[in-house]
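In what follows, a single structure is set out as structure tokens and then discussed.
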């Protein structure tokens with residue numbers, strides 16, 4: 001009986017072992033066959049930054065948008081509705097850098113469009129480079145490169161991930177709008193030259209323009225757009241989302257007596273190409289160049305994932321001149337909506353719907369025009385920062401015997417001449433405190449803080465974080481000025497941006513196409529989360545200074 005039981009047990013053991021071995025082999029075979037042999041990526045990534053686009057523009061003009069532009073983006077894509085800029089000041093160069101690096105000015109070094117360098121004793125432009133030459137023009141507009149950007153971009157990381165087989169092309173009317181998204185290793189970054197009305201580049205990228213760029217420039221499209229003048233797209237009485245035309249707080253075009261439609265530009269044909277940036281056709285022009293780049297550079301057609309970075313600048317120029325509540329601004333977005341519909345249709349045709357990954361965001365928002373705020377009994381106004389410097393220099397000279405103690409006031413920051421203060425044997429900390437005491441008494445100033453002693457400032461932690469994220473020890477100032485809500489540092493008509501407040505920092509972040517799950521979230525996200533999300537979708541390393549998080553809800 002015992003022998004029979006033992007034999008039965010041995011038989012079961014062998015059977016189990018054979019079955020387990022068979023199952024293991026089967027599982028291994030199944031696992032191997034299901035494992036992807038290549039990394040799944042889209043044919044093309046298209047990143048679009050709409051300069052000065054506040055988040056609310058997605059919905060403020062929604063009823064007037066067509067089906068194929070912004071509505072398609074919102075309905076087919078994924079929108080991170082509560083995306084904010086995590087630093088201050090909110091400026092163009094900072095925004096483009098942070099979108100593409102996933103980092104903040106404290107890390108990527110781009111703290112403004114310009115900043116004052118005490119060691120050089122002068123202002124530095126964010127993408128200036130005197131060691132390169134202009135390509136495509138005799139002007140100096142091409143003396144630019146990304147050398148001031150201290151970290152890599154998602155476009156750089158894509159290039160490195162494919163051993164530089166992937167192509168990166170970037171374009172914008174603004175040089176900084178093209179150069180910073182393109183990163184250090186772009187195959188070509190192109191921006192607009194006011195002298196010639198053409199797109200140019202620098203020797204950082206190439207020694208001569210490609211044939212296709214020369215052919216595009218030869219079309220002289222700015223003349224075509226100028227000849228159209230600027231009439232409203234629809235009857236002017238239908239612009240119900242905007243204030244009446246011709247407000248005293250709107251800036252005039254040169255030669256105009258009133259800020260009213262139509263705005264006439266025929267006189268600029270072959271004469272003043274700088275006006276291209278100031279009209280909505282500047283966006284159309286930029287997108288025409290982007291479309292021309294796709295077949296010419298074979299983007300998305302070589303078996304590698306390529307990247308096309310587009311920044312639309314005219315929205316910013318119009319916003320500065322007329323403000324966010326103007327008919328001009330509404331008309332610009334209605335025209336952009338049609339341009340987007342055309343661009344998406346072109347991508348569908350050339351790359352294939354579902355084969356490209358698209359995202360749209362902004363570099364910053366915009367403050368209401370101070371005159372508009374006053375007219376509507378809202379808080380807000382204009383400041384005079386030049387007055388602050390003059391009066392502070394006088395106070396410091398009287399109190400501490402230091403002449404011209406302040407180098408400059410830039411990017412909402414005071415920068416002191418510490419060498420002059422030291423030479424006068426003056427107390428630097430007391431000079432800073434005197435300046436802070438003066439500033440907080442000025443109308444429109446909420447507070448002023450010693451950046452290096454920020455921990456002891458009586459501020460909400462969120463504001464401290466934003467000031468810290470915007471502070472770079474090599475390039476930033478000593479005292480940061482926080483404005484009251486609705487205030488902007490100018491007394492001139494028009495408006496601008498630079499504040500931490502939602503009107504300047506709440507931006508769209510919408511993804512569409514390859515790898516994207518349609519939907520929305522109101523979970524808080526930051527501008528710095530865009531690059532990590534694109535990196536995750538592409539299975540590449542995040543940029544070298546990235547501090548953002550992946551927006552996982554957007555991913556299939």
Residues that are out of contact with any helix residue (DSSP H, G or I) (no Cβ under 6 Å at 6 or more places or on another chain) and more than 30 Å from residue 78 (Cα to Cα): which strands (runs of 3 or more DSSP E) entirely in the stretch 325-416 hold 1 or more of them?
406-410, 413-416
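Residue-by-condition table, conditions (1) in contact with a strand residue (DSSP E or B) (Cβ under 7 Å, 6 or more places away or on another chain); (2) crowded, with 17+ Cβ neighbours inside 10 Å; (3) in contact (Cβ under 8 Å) with a residue 40 or more places away in the chain; (4) closer than 18 Å to residue 511 by Cβ:
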position: 86; (1), (2), (3), (4): yes, yes, yes, no
position: 100; (1), (2), (3), (4): no, yes, yes, yes
position: 106; (1), (2), (3), (4): no, yes, yes, no
position: 122; (1), (2), (3), (4): no, no, no, no
position: 136; (1), (2), (3), (4): yes, yes, yes, no
position: 160; (1), (2), (3), (4): no, no, yes, no
Residue 476 vs. criteria in a loop (DSSP other than H, G, I, E, B), free of Cβ contacts under 8 Å to residues at least 12 places away in the same chain and not assigned by TED's automatic domain parsing to the domain that holds residue 98:
no
Counted residues, the stretch 188-237 - those being in contact with a strand residue (DSSP E or B) (Cβ under 7 Å, 6 or more places away or on another chain), surrounded by fewer than 20 Cβ atoms within 10 Å (Cβ to Cβ) and closer than 24 Å to residue 261 by Cβ:
1
Listed residues 321, 301; which is surrounded by fewer than 22 Cβ atoms within 10 Å (Cβ to Cβ) and over 26 Å from the mean Cα position of the chain (by Cα)?
301
Top-ranked residue of the stretch 479-493 - restricted to ones that are buried (at least 19 other Cβ atoms within 10 Å of the Cβ) and assigned to a loop (DSSP other than H, G, I, E, B), ranked as modelled with the lowest pLDDT
489
Whichever residue in the stretch 528-544 is part of a loop (DSSP other than H, G, I, E, B) and surrounded by fewer than 19 Cβ atoms within 10 Å (Cβ to Cβ) and, among such residues, is farthest from the chain's Cα centre (by Cα)
539
The lone condition residue 304 fails out of (1) assigned by TED's automatic domain parsing to the domain that holds residue 64; (2) part of a helix (DSSP H, G or I) is (2)
Only one of 484, 450 is touching a residue at least 40 places away in the same chain (Cβ under 8 Å), touching a strand residue (DSSP E or B) at 6+ places or on another chain (Cβ under 7 Å) and within 27 Å of residue 379 (Cα to Cα), namely 484
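Criterion first (surrounded by 17 or more Cβ atoms within 10 Å (Cβ to Cβ), assigned by TED's automatic domain parsing to the domain that holds residue 101 and either touching a residue at least 40 places away in the same chain (Cβ under 8 Å) or out of contact with any strand residue (DSSP E or B) (no Cβ under 7 Å at 6 or more places or on another chain) (or both)) does residue 269 satisfy it? Let's see the steps before the verdict.
Values: surrounded by 17 or more Cβ atoms within 10 Å (Cβ to Cβ): no; assigned by TED's automatic domain parsing to the domain that holds residue 101: yes; either touching a residue at least 40 places away in the same chain (Cβ under 8 Å) or out of contact with any strand residue (DSSP E or B) (no Cβ under 7 Å at 6 or more places or on another chain) (or both): yes.
Against the criterion (surrounded by 17 or more Cβ atoms within 10 Å (Cβ to Cβ), assigned by TED's automatic domain parsing to the domain that holds residue 101 and either touching a residue at least 40 places away in the same chain (Cβ under 8 Å) or out of contact with any strand residue (DSSP E or B) (no Cβ under 7 Å at 6 or more places or on another chain) (or both)), residue 269 does not qualify.
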In the stretch 36-77, which residues are touching a strand residue (DSSP E or B) at 6+ places or on another chain (Cβ under 6 Å) and surrounded by fewer than 17 Cβ atoms within 10 Å (Cβ to Cβ)?
76
Within the stretch 418-435, the count of residues that are out of contact with any helix residue (DSSP H, G or I) (no Cβ under 9 Å at 6 or more places or on another chain) and either surrounded by 19 or more Cβ atoms within 10 Å (Cβ to Cβ) or more than 16 Å from residue 451 (Cα to Cα) (or both) comes to 4
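For residue 111, state whether it is more than 20 Å from residue 306 (Cα to Cα) and either assigned by TED's automatic domain parsing to the domain that holds residue 62 or buried (at least 19 other Cβ atoms within 10 Å of the Cβ) (or both).
Answer is yes for this residue.
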Of the residues in the stretch 238-263, those that are touching a strand residue (DSSP E or B) at 6+ places or on another chain (Cβ under 9 Å), farther than 26 Å from residue 491 by Cβ and surrounded by 14 or more Cβ atoms within 10 Å (Cβ to Cβ) come to 261
For the stretch 215-237, which positions are in contact (Cβ under 8 Å) with a residue 24 or more places away in the chain and in a helix (DSSP H, G or I)?
216, 217, 221, 222, 223, 225, 226, 227, 228, 236
Quick check on my filter: what residues within the stretch 417-438 are within 22 Å of residue 112 (Cβ to Cβ), at pLDDT below 95 and assigned to a helix (DSSP H, G or I)?
418
Kindly list the number of the only condition in (1) within 25 Å of residue 114 (Cα to Cα); (2) out of contact with any strand residue (DSSP E or B) (no Cβ under 8 Å at 6 or more places or on another chain) that fails for residue 402.
(1)
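The values are calculated or read from the model by the stated rules, or taken from the named source; none is laboratory data. Quantities reported herein were computed from a predicted structural model and do not represent experimental measurements. All Cβ positions, even for glycine, are placed from backbone atoms using ideal geometry, and neighbour counts span all protein chains on display.
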